[in-house]
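Working notes for the structure below.
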Amino acid sequence: QNQKEHNLIQFVGHEQQRSKMFLKFELIEPRNRFITDLQSLELGQVIEYMRELLKALKYLHQECAIIHRDIKPDNFVHHFASGTFRLIDFGSAQYSSNVKKAGGGTRGFRAPERLHQTKKKDTAAVDVWSAGIILLSLLTGNANILTHKAKESGKTCDERHLHEIGSIVGRKEMSVLIENCTDYGDGYKYETKTGWAAKALHSVHKQRAWKPDDK
């Protein structure tokens, strides 16, 4: 019950079948699909979604000392009508005190320190970064804030994402991660905004009835 209160999927038992072990979790039905919801979401739903996701992460990080390491829309089941939200798929999760090395994550949601491999171990910050990418998707109505192609123009996915992030936040922010950072310019600009705010405003899906700064 405590897991449900904090939006974590509830483990209900296991079953042995021949040589295989099957884990059983609560069934969440019905559910909304993130992709099909994206263009029609109202601001109140964006706030609700993020509040419940961050509630789950706060409990996971502070009370359980666990890093999920694969935060993405597919791993946060939601159904607005019933007020049901569940963080699922803990296959990459580790106790924060026992993380051996960086790992896990899904293309487009990996934190920059993981992309550049400047840290040998993951911290809870990698989950928070992924939640931030989800927030940008919710605000703009676009599923892919960073490109999702595995390889392009001779660059690996991680290399390209690092440059995409750098082009948004600029040289100053990237210098925190990378020494002698010179090729990212001054960051993304749109109207009077810079950085991520500018990226969000410029990237709003054409079917979206409102923009992030309208509210």
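Residue 42 is checked against (1) under 21 Å from residue 140 (Cβ atoms); (2) under 16 Å from the mean Cα position of the chain (by Cα); (3) open to solvent by 50 Å² or more (accessible area, probe 1.4 Å) and fails just one. What number does that condition carry?
Looking at each condition in turn, residue 42 falls short on (2).
Within segment 65-88, restricting attention to residues that are out of contact with any helix residue (DSSP H, G or I) (no Cβ under 9 Å at 6 or more places or on another chain) and in a loop (DSSP other than H, G, I, E, B), which residue is least open to solvent (accessible area, probe 1.4 Å)?
Here the answer is 82.
Considering only residues that are within 21 Å of residue 108 (Cα to Cα) and of a type in the set (Asp, Glu), look in segment 163-182 and name the one that is most open to solvent (accessible area, probe 1.4 Å).
Looking at residues that are within 21 Å of residue 108 (Cα to Cα) and of a type in the set (Asp, Glu), I get 173.
Name the residues in segment 89-108 that are of a type in the set (Phe, Trp, Tyr) and either buried (at least 19 other Cβ atoms within 10 Å of the Cβ) or in contact with a Leu (Cβ under 9 Å, 6 or more places away or on another chain) (or both), would you?
90
Within segment 163-214, track down each residue that is among the aliphatic types (A, V, I, L, M), at pLDDT below 90 and within 26 Å of residue 35 (Cα to Cα).
209, the sole residue that qualifies.
Of the conditions (1) open to solvent by 90 Å² or more (accessible area, probe 1.4 Å); (2) more than 16 Å from the chain's Cα centre (by Cα); (3) farther than 30 Å from residue 15 by Cβ, residue 27 fails just one. Which one is it?
(3)
Is there a residue being assigned to a loop (DSSP other than H, G, I, E, B), under 22 Å from residue 9 (Cα atoms) and in contact (Cβ under 8 Å) with a residue 12 or more places away in the chain anywhere in segment 130-144?
Checked segment 130-144: no residue is assigned to a loop (DSSP other than H, G, I, E, B), under 22 Å from residue 9 (Cα atoms) and in contact (Cβ under 8 Å) with a residue 12 or more places away in the chain.
For the subset of segment 109-153 comprising residues that are of a type in the set (Ser, Thr, Tyr) and open to solvent by 20 Å² or more (accessible area, probe 1.4 Å), which member is modelled with the highest pLDDT?
Only one residue fits best here, namely 123.
Give 18, 33 a once-over and let me know the one that is without any contact (Cβ under 8 Å) to a residue 60 or more places away in the chain, open to solvent by 50 Å² or more (accessible area, probe 1.4 Å) and at positive phi.
Checking each option against the conditions leaves just 18.
Any idea which of (1) closer than 22 Å to residue 200 by Cα; (2) in contact (Cβ under 8 Å) with a residue 60 or more places away in the chain; (3) of a type in the set (A, V, I, L, M, F, W, C) is the one residue 9 doesn't satisfy?
Going through the list (1) closer than 22 Å to residue 200 by Cα; (2) in contact (Cβ under 8 Å) with a residue 60 or more places away in the chain; (3) of a type in the set (A, V, I, L, M, F, W, C), residue 9 breaks only (1).
Condition first: within 17 Å of residue 147 (Cα to Cα) and of a type outside the set (S, T, N, Q). Now tell me which residues in segment 161-183 satisfy that.
161, 162, 163, 164, 165, 166, 168, 169
Please specify each residue of segment 91-125 satisfying the condition of being touching a residue at least 60 places away in the same chain (Cβ under 8 Å) and either over 14 Å from the mean Cα position of the chain (by Cα) or assigned to a strand (DSSP E or B) (or both).
113, 116, 118
From 158, 186, which residue is among the acidic types (Asp, Glu), farther than 26 Å from residue 10 by Cα, in contact (Cβ under 8 Å) with a residue 40 or more places away in the chain and surrounded by fewer than 19 Cβ atoms within 10 Å (Cβ to Cβ)?
158
The values are calculated or read from the model by the stated rules, or taken from the named source; none is laboratory data. Please read all numbers here as calculations on a predicted model, not as lab measurements. Positions of Cβ are backbone-derived with ideal geometry, glycine not excepted, and every protein chain shown enters the neighbour counts. We work out accessible area using only protein heavy atoms, side chains counted, and drop any ligands, DNA or RNA first. Shrake-Rupley method; radii C 1.70, N 1.55, O 1.52, S 1.80 Å.
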